[in-house]
Amino acid sequence: MVSAVSLILVVGVVIGVVAVVNKDNGNGDGHQMNSHNKAVTALCNDADDQKLCHEVLKPVSNSSNPKEYVETVVKTTMDSVIKAFNMSDRLTVEHGKSNPGLKMALDDCKDLLQSAIHELEASGVFVRDGNVQDVLTHSAELKNWLGAVIAYQQSCLDGFDTDGEKKIQTQLHTDSLDSVGKLTGLALDVVSGISKVLSSLNMNLNLKPASRRLLEVDHEGYPTWLSASDRKLLTAKVEGGNSGFIPHAIVAKDGSGKYNTILDAINSYPNGHEGRYVIYVKGGIYNEYITVDKKKPNILLYGDGPSKTIITGRKNFHEGVKTMRTATFSTVADGFIAKGIAFENTAGAIGHQAVALRVQGDRSAFFDCAIHGYQDTLYVHAHRQFYRNCEISGTIDFIFGYAAALIQNSKIIVRKPDPNQSNIVVADGTDQKNMPTGIVIQNCEILAESGLQADRLTVKTYLARPWKAYSRAVFIENVIGDLIQPQGYIPWAPEPNTEFSYFAEFGNTGPGANTLGRAKFAKGQINKQEAEKFIAEHWIQASTWLPPTGIPFDGAFTKH
């Protein structure tokens, strides 16, 4: 009964979202058909799975409208996600009572695949209602949504991490999730190659870049065009907002606010609220597990500073909790901002995977925050994320995920792991060549904490390792301490994932910045032109969403 209801709900969500594709232009022009087939050939030549590409696009291979190629592959991907959702739902009914870990993994799969459906809805509506020029000029948005779908597909598989769960993982992967990954990867290939299609069809649209306001900042690094009311809000002192701004909700441990817990304040978010919803959290240690759900966008959560306002927890994998669920604080909503707050997981190295902060919502930003833990501290789960003036600490893969993340002007602090363990700063999950994802660290300091200082040369520490096939980590203009091993990067085990990974460095200084001894599979030192792909504007489309947050950022290089 539960499965039937879920199926009805999912199908209901999809109806009317993706338009039925016109399968024939009906002009009977052989030359035109030949030209269109050439267009599909050009598109599929760059696809990872050329056979799949031709099969999916065959119904529209004669279309004179290249937009229909995108429509078709998005619709096919949606069908595969629905199949995977219903399969995970059925497996939950069949096996959910067999063991708690398996139920957690299957429930997480359902939530993740529901999120994937939302991403594909957005993609389908955008493509259906737009034109070819829209698809081209806003391809970054499309790739952002599609990249998130792969993040959720991979995260679903990640959840089955014990021997007793592998059979169900294999079943899900073979019967549905493998198809989701391949089709979403194909969708990314199609969006990335659509300009080649236009060339093959001899179409010249005289395209112009998507319009955006140029970034202009004052001496404090804030946008000059920011309104007076927004400036007052976003520059309010963290000691309570003495500028006269009144938050929507105030949290205090001592009862001086309207709410005693942060979760209660977040749940006070009114249905249908428009604009930013501001929550001030007074100093104190808040032992809570919090999730900001998708229906609560544009929250600004600010505290009295990361040494005073602390959100803490200790859930961990060692004690039987799935990695995704270990997070002390999770935010799934778009447009989330945190300022002057610490997020921590105190499970320690013995807890293995123990997330302090998990961020899934698009256009999320963190300013003057601390994110402390050991293994898997910061889970940059999906979409575009920005971190500025933060302190991030940990041991193994402590900045990891599937997002397009940019970390600027922050301290990356490596802690002392358990005996016989090594430290790795970054583990990125980019799994398809055209995913617009990876972790970029710019103008930061990578250093050892005081507890590691004496052993920093004997405990091996690396910049990154390739978690997935196209793992991407880029280090730009950082000061890198002598704790980093000369090779810089190590393969993943048991799958090395080194063939297509991309680990690059530009303009770094410090004793750990010498790239001469870097691992052979790493890109190593890159030139300025190559590095420009990873600055704020190109990497996370910064000018389209960061200025209104009021958070200062560097739109280009800071030292070159």
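Given a Förster distance of 60 angstrom, what is the FRET efficiency for GLU445 paired with LYS58, based on the Cβ-Cβ distance and rounded to 0.05?
For GLU445 and LYS58, the calculated efficiency is 0.65.
Please give the Cα centre distance for the range 481-501 versus the range 333-362, rounded to the nearest Å.
The range 481-501 and the range 333-362 have Cα centres separated by 25 Å.
From the phi of every residue in the range 480-492, what ³J(HN,Hα) in whole Hz does the Karplus formula 6.51 cos²θ - 1.76 cosθ + 1.60 yield, where θ is phi - 60° and glycine or proline is x?
Values, residue by residue: 10, x, 6, 6, 6, 5, x, 6, x, 9, 10, x, 7 Hz.
Along the Cα-to-Cβ line of ASP48, 7 Å from the Cα, sits a label point; which residues in the range 420-438 have backbone N less than 11 Å from it?
Only 430-435 pass the distance filter.
If you take the beta carbon distance between GLU532 and THR41 as r and set R0 to 30 Å, what does 1/(1 + (r/R0)^6) give as a FRET efficiency, to the nearest 0.05?
Efficiency at R0 = 30 Å is approximately 0.40.
How far apart, in nm, are two points set 7 Å out from the Cα along the Cα-to-Cβ line at ALA556 and at LYS97?
Output for this residue pair reads 6.5 nm.
Can you compute the modelled spin-label distance between THR346 and SER422, with each label point 7 Å from Cα toward Cβ, in nm?
Spacing of the two 7 Å Cα→Cβ label points: 3.2 nm.
Distance from the Cα centre of the range 308-322 to that of the range 417-453, in angstrom?
20
Need the full-extension length gain, ALA454 to ASP161, defined as separation in residues times 0.36 nm minus the C-alpha distance. One decimal, nm.
Extra length from ALA454 to ASP161 when fully extended: 102.0 nm.
Considering the alpha-carbon set of the range 449-490 alone, what are its Rg and its Dmax in angstrom?
Rg, Dmax (Cα atoms, Å): 12.0, 35.
Put a dot 7 Å past each Cα toward the Cβ at ASN260 and GLU495; how far apart are the dots in nm?
About 4.8 nm, to one decimal.
Å³ per residue of the Cα convex hull, for the range 50-134?
107
Looking at the range 454-543, which GluC sites (Glu not before Pro) are in a loop (DSSP not H, G, I, E or B) and have at most 15 other Cβ atoms within 10 Å?
GLU499
Order of 479-489, 422-432 by packing, highest average Cβ count within 10 Å first?
Result, highest mean Cβ count within 10 Å first: 422-432, 479-489.
Beta carbons within 10 angstrom, averaged per residue: use that to sort the peptides 398-410, 264-276, 454-466, 371-383, highest first.
Put in order of decreasing packing, that is 371-383, 398-410, 454-466, 264-276.
Values quoted throughout were computed directly from the atomic coordinates according to the rules given, and no laboratory measurement underlies them. This is a predicted model, so every value here is computed, not measured. Cβ: placed from backbone, ideal geometry, glycine included. Neighbour counts: every protein chain shown.
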